[in-house]
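Engineer: What follows is a single structure, and I will ask about it in a moment.
The values are calculated or read from the model by the stated rules, or taken from the named source; none is laboratory data. Predicted model only: the values in this text are computed from it and were never measured. Note: ideal-geometry Cβ built from the backbone for every residue, glycine included; neighbour counts use all protein chains shown. Only protein heavy atoms, including side chains, enter the accessible area calculation; ligands, DNA and RNA are left aside. Shrake-Rupley method; radii C 1.70, N 1.55, O 1.52, S 1.80 Å.
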Amino acid sequence: MAKPHPPATQHDGIQTATIWLGKAIYMVIAFALLAVALALIGISLWGALSSFEAERATTFILLDAVGMTVLGLAIVDVSKYLLEEEVLRERELRSPAEARGALTKFLTIITIVVSLEAVILIFETSKGETHHELVYPVMMFGAVVAIVVALGLYQYLSARAQQATGTRDAMRADEAERQAE
């Protein structure tokens, strides 16, 4: 026989209002990020198209447009993540496999953006007379390598720790993650 639900209290109403307020804030932030990303993409593409009309298009202008478009795409992805995880998702807790997947996706986007910016900077500095300016792009590539190595180590250690605990839920989540790929 099912237990009757306790009567609603003022505390429950405050908690519900707080949850909805938090979701509303996340929604506003997500849409603001989306607007900024679309503006960034639009302005960079407009600049590239304008450079063609003015017959001053160069590889660097086009690479800059690509870089800004990829950065805009990364911001769109962050906006989407906020909407999915903080507004639309009903449950608070997630499995370790889901957390690993979200972190991997986010760091992959960051890695791509930083790598692309480093490539653009290498092209820009290589046309100059001095090559001492290549230090910054090379350091950016070093940061990308460090992020990839750290992410790989994190994934390896967290998957190993998850398997060591032997929890059935964790193993099911890992199996579901592998099948989804």
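Engineer: If L82, L73 are ordered by their accessible area, calculated over protein heavy atoms with a 1.4 Å probe, which sequence runs from highest to lowest? Let's see the in-between values first.
Structural biologist: Values: L82 30, L73 110 Å².
Correct descending sequence by accessible area is L73, L82.
Engineer: Please give me the summed charge of the neighbours of L121: other residues whose Cβ is under 15 Å from its Cβ, Lys and Arg +1, Asp and Glu -1. Let's see the in-between values first.
Structural biologist: Details: positive: K127; negative: D64, E117, E124, E133.
Overall, the nearby charge balance is -3.
Engineer: Can you give the local net charge around I61? Use residues other than it whose beta-carbon is closer than 14 angstrom to its beta-carbon, Lys and Arg +1, Asp and Glu -1.
Structural biologist: Working: positive: R56, K127; negative: E53, E55, D64, E124.
Neighbour charge sum, excluding I61 itself: -2.
Engineer: Expected output is a single nm value to one decimal: the length gained when fully extending between R89 and K23, i.e. 0.36 nm times separation in residues minus the C-alpha distance. What is it? Don't skip to the answer; put the middle values down first.
Structural biologist: On the way: separation 66, 0.36 × 66 = 23.76 nm, distance 1.01 nm.
That pair, R89 and K23, stretches by 22.8 nm at full extension.
Engineer: By accessible area of protein heavy atoms, probe 1.4 Å, what ranking do R100, R160 get, highest first? The partial results should precede the final answer.
Structural biologist: Numbers: R100 10, R160 140 Å².
So, going from the largest accessible area down, we get R160, R100.
Engineer: Between Q15 and R160, what is the label-point separation in nm under the 7 Å Cα-to-beta-carbon projection?
Structural biologist: Calculated label separation equals 4.0 nm.
Engineer: Moving on. Report the gain in length on full extension from I112 to V145: 0.36 nm times residue separation, minus Cα-Cα distance, nm rounded to one decimal. Provide the component values of the computation, followed by the final result.
Structural biologist: Values: separation 33, 0.36 × 33 = 11.88 nm, distance 1.12 nm.
The span from I112 to V145 would gain 10.8 nm if fully extended.
Engineer: Same structure, new question: With a cut-off of 8 Å between alpha carbons and a minimum separation of six or more residues, what is the relative contact order of the stretch 9-77 in percent?
Structural biologist: 40
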